[in-house]
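The values are calculated or read from the model by the stated rules, or taken from the named source; none is laboratory data. No experiment lies behind these values; they were computed from the predicted model shown. We place every Cβ from the backbone using ideal geometry, glycine too, and count neighbours over all the protein chains shown.
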Amino acid sequence: MASNGEKQSAATKAPPAPSPLRTSKFCQPNMRILITGGAGFIGSHLVDRLMENEKNEVIVVDNYFTGSKDNLRKWISHPRFELIRHDVTEPLLVEVDQIYHLACPASPIFYKHNPVKFLCIRFFKFESGNGYIDGQIIEAQNALPMILLTSTSEVYGDPLIHPQPETYWGNVNPIGVRSCYDEGKRVAETLMFDYHRQHGIEIRVARIFNTYGPRMNIDDGRVVSNFIAQALRDEPLTVQAPGTQTRSFCYVSDMVDGLIRLMEGEHTGPINLGNPGEFVEPSTPQTGEFTMLELAETVKELINPDVKIVTVENTPDDPRQRKPDITKAKELLGWEPKIKLREGLPLMEEDFRLRLGVPKK
């Protein structure tokens, strides 16, 4: 009869290593994919695209701070879909093949509400053992998930190089009111690459530039959603001074396509994903970008010609210009955006009209 010590040893014996076939996506009957922040704007569109593949099982983790269960309503009872209400700053143990990490409020209105916590969303993801990549899991598992971090163009700060290539280190204020977002993403990128180098974890890093489309939070403070909501409510379009700041906007379906191509490709990144070639007004055809005043004029023309455009005080540390160099995305992923702003804005308008209860005139 075995002694108590022998029983304990047998009970704690490590499970056998998984078959190498487990890590081969060509041999897997299903790919288990985790999306943090999957109830949000970009995340829910990513869910829609991934669920189109019948071999994908999708798990969404979201605390609904900026996301909404309504964005995922059509998938709630689907056998290949699971929704977990959870805060990613707390531990969670799941077994998956891929992780898309999108959990993070991307609007100044939200991340200024609790800057310390929003910095922790990026930091504790790696350092506090939330079940994705904690040191004990790294030692215990032979098959680790591939992780895609959605970083941001904000890592470039108020850039001194235009357009911004991935090799540019940025011009960021580390103590400003929006630094919790900018520096938090820079910390997240650092940790991703440190885990990649130290533990061999497969990573992908996408630097997302301004994105717009249906399911954006109506009152989240970002410029496109602001202008469309104001136009539908017959309110003046508020342009932050001086109005000559430039941005280039990417439609959400194009962004999702870029994220999936990056995840499925062979390149770690970072890779810029954004729209550098938007031609809105003839005043800026040589650059492909447009000013905030020009964007306001376009929204006014397409949605509500009767609204006024007014200038308001700007927020601190607002970048003067932002435009991605997507040479790497084109060459390595075969990706570039397809949807023009004048095609995307009406689709977003339709979604906002439905949610605001504003009929078409």
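How many residues are among the hydroxyl-bearing types (Ser, Thr, Tyr) and assigned to a helix (DSSP H, G or I) if we restrict to region 249-267?
1
Looking at (1) at pLDDT below 95; (2) under 24 Å from the mean Cα position of the chain (by Cα), which is the only condition Pro242 fails?
Result: Pro242 passes all but (2).
Would you say Val307 is at pLDDT below 95, in a loop (DSSP other than H, G, I, E, B) and crowded, with 19+ Cβ neighbours inside 10 Å?
No: the conditions fail for Val307.
Every residue in region 172-190 that is in contact (Cβ under 8 Å) with a residue 40 or more places away in the chain, surrounded by fewer than 22 Cβ atoms within 10 Å (Cβ to Cβ) and either among the aromatic types (Phe, Trp, Tyr) or part of a loop (DSSP other than H, G, I, E, B) (or both), please.
Asn173, Gly176, Val177, Arg178
In a loop (DSSP other than H, G, I, E, B), touching a Gly at 6+ places or on another chain (Cβ under 8 Å), in contact (Cβ under 8 Å) with a residue 12 or more places away in the chain and surrounded by 15 or more Cβ atoms within 10 Å (Cβ to Cβ), is that true of Pro316?
Spelling it out, it is not the case that Pro316 is in a loop (DSSP other than H, G, I, E, B), touching a Gly at 6+ places or on another chain (Cβ under 8 Å), in contact (Cβ under 8 Å) with a residue 12 or more places away in the chain and surrounded by 15 or more Cβ atoms within 10 Å (Cβ to Cβ).
Would you say Tyr156 is at pLDDT below 90 and buried (at least 22 other Cβ atoms within 10 Å of the Cβ)?
No.
Yes/no matrix, rows are residues, columns are (1) crowded, with 20+ Cβ neighbours inside 10 Å; (2) of a type in the set (Phe, Trp, Tyr); (3) part of a strand (DSSP E or B):
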| site | (1), (2), (3) |
| --- | --- |
| Ala206 | yes, no, yes |
| Met216 | yes, no, no |
| Gly221 | no, no, no |
| Ile228 | yes, no, no |
| Val239 | yes, no, yes |
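Among the residues of region 331-351, which ones are surrounded by fewer than 20 Cβ atoms within 10 Å (Cβ to Cβ) and not in a loop (DSSP other than H, G, I, E, B)?
Glu331, Leu332, Arg342, Glu343, Pro346, Leu347, Glu350, Asp351
Would you confirm whether any residue within region 274-286 is of a type in the set (Ser, Thr, Tyr) and either modelled with pLDDT of 95 or more or more than 26 Å from Thr327 (Cβ to Cβ) (or both)?
No, the conditions are met nowhere in region 274-286.
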